[in-house]
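Accompanying notes for the structure given below.
The values are calculated or read from the model by the stated rules, or taken from the named source; none is laboratory data. Fair warning: this is a prediction, and the values are worked out from it, not measured in the lab. Ideal geometry is used to build each Cβ from the backbone, glycine not excepted, and the neighbour counts take in all protein chains shown. For the accessible areas, the whole protein counts, side chains as well, though only heavy atoms, and no ligand, DNA or RNA atoms are used. Shrake-Rupley method; radii C 1.70, N 1.55, O 1.52, S 1.80 Å.
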Amino acid sequence: MTEHIDNIRLSGDLRYRFDYLSKFVNFSQNDIAALNTLATTVLPRVPVIVDAVYRKLFQFDVTKNFFVLRNDGFDGKLKNEQSLTLESAQMTYRKDMLSGYLKRLFLQQEWTDDFLQYLSRVGRMHTNKMGAASINVDFIHINATLSYIETLLIEVVWNAENLDNKTKKEMLVALNKVFRIQNDFFLLHYLEPAKEDEPPRHRKPTDKCACS
């Protein structure tokens with residue numbers, strides 16, 4: 001029997017959207033358990049993974065330029081494009097944010113409404129929907145970054161000598177589902193229509209930067 005899905009609720013009800021995605025890709029508590037088990041293998045490698053992600057983002061000016069913008073929550077002095085390094089304070093802040101995200105993703109045992117809202121905020125903060133806190137990253141860079149993070153995690157699982165093939169398969173499948181869900185939570189905000197009373201905004205990566 002065909003199940004009815006309310007298309008309007010998909011856009012306005014995050015839990016409803018998640019439940020639909022979960023049923024479609026068969027994301028279940030078993031996948032969450034696989035992620036929790038994988039945590040013991042992944043978490044010690046988080047600093048290496050995070051460093052690799054930002055080294056990749058530094059390879060291209062179109063992605064590196066976003067890091068001269070003031071990120072919400074960072075109150076330190078910003079470096080400009082010429083003086084910015086992976087060890088700059090603003091980059092340490094970004095690395096800590098990504099580290100915290102990955103740790104929470106693998107340690108979360110119950111995908112509560114609060115956790116879904118957290119995953120949604122991660123997506124929203126990269127758009128132009130959060131006022132001064134926005135950094136307005138084009139989705140092509142988001143998609144590429146998520147894909148790269150997933151690839152790094154796949155390599156960790158594949159090369160883990162303490163895991164049998166059955167467990168590796170379960171973990172890889174769970175990773176694939178999680179990143180499809182997270183990618184959708186990003187896309188939800190990128191496709192969200194702007195309010196009629198808000199003028200369109202497109203901030204260049206180098207705008208409004210009090211850099212040194």
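A few remarks follow.
- Listed by first and then second residue, the pairs linking a residue in region 97-123 that is of a type in the set (Gly, Ala, Ser) to a residue that is open to solvent by 20 Å² or more (accessible area, probe 1.4 Å) and part of a helix (DSSP H, G or I), with Cβ atoms under 9 Å apart and 6 or more places separating them unless they lie on different chains, are 99/47; 120/14; 120/188; 123/183; 123/184; 123/187; 123/188; 123/190.
- Check on residue 26, at positive phi and open to solvent by 30 Å² or more (accessible area, probe 1.4 Å): yes
- Test: residue in region 71-92 that is part of a helix (DSSP H, G or I), open to solvent by 30 Å² or more (accessible area, probe 1.4 Å), modelled with pLDDT under 95 and β-branched (Val, Ile, Thr): yes
- Count of residues meeting criterion [hydrophobic (A, V, I, L, M, F, W, C) and either in contact with a Ser or Thr (Cβ under 6 Å, 6 or more places away or on another chain) or modelled with pLDDT under 95 (or both)] in region 143-162: 1
- Sole residue being at pLDDT 95 or above, touching a Phe, Trp or Tyr at 6+ places or on another chain (Cβ under 7 Å) and not acidic (Asp, Glu), chosen from 53, 46: 53
- Some residue of region 187-204 being under 26 Å from residue 43 (Cβ atoms) and at pLDDT 90 or above: no
- Test: residue in region 4-20 that is aliphatic (A, V, I, L, M), at pLDDT 95 or above, under 26 Å from residue 163 (Cα atoms) and surrounded by 13 or more Cβ atoms within 10 Å (Cβ to Cβ): no
- The sole residue among 41, 63 that is buried (at least 17 other Cβ atoms within 10 Å of the Cβ), within 19 Å of the chain's Cα centre (by Cα) and polar (S, T, N, Q) is 63.
- Number of the condition not met by residue 67 [criteria: (1) assigned to a loop (DSSP other than H, G, I, E, B); (2) modelled with pLDDT under 95]: (1)
- The residue list 183, 136, 165 contains one member that is modelled with pLDDT under 95 and out of contact with any Pro (no Cβ under 6 Å at 6 or more places or on another chain), which is 136.
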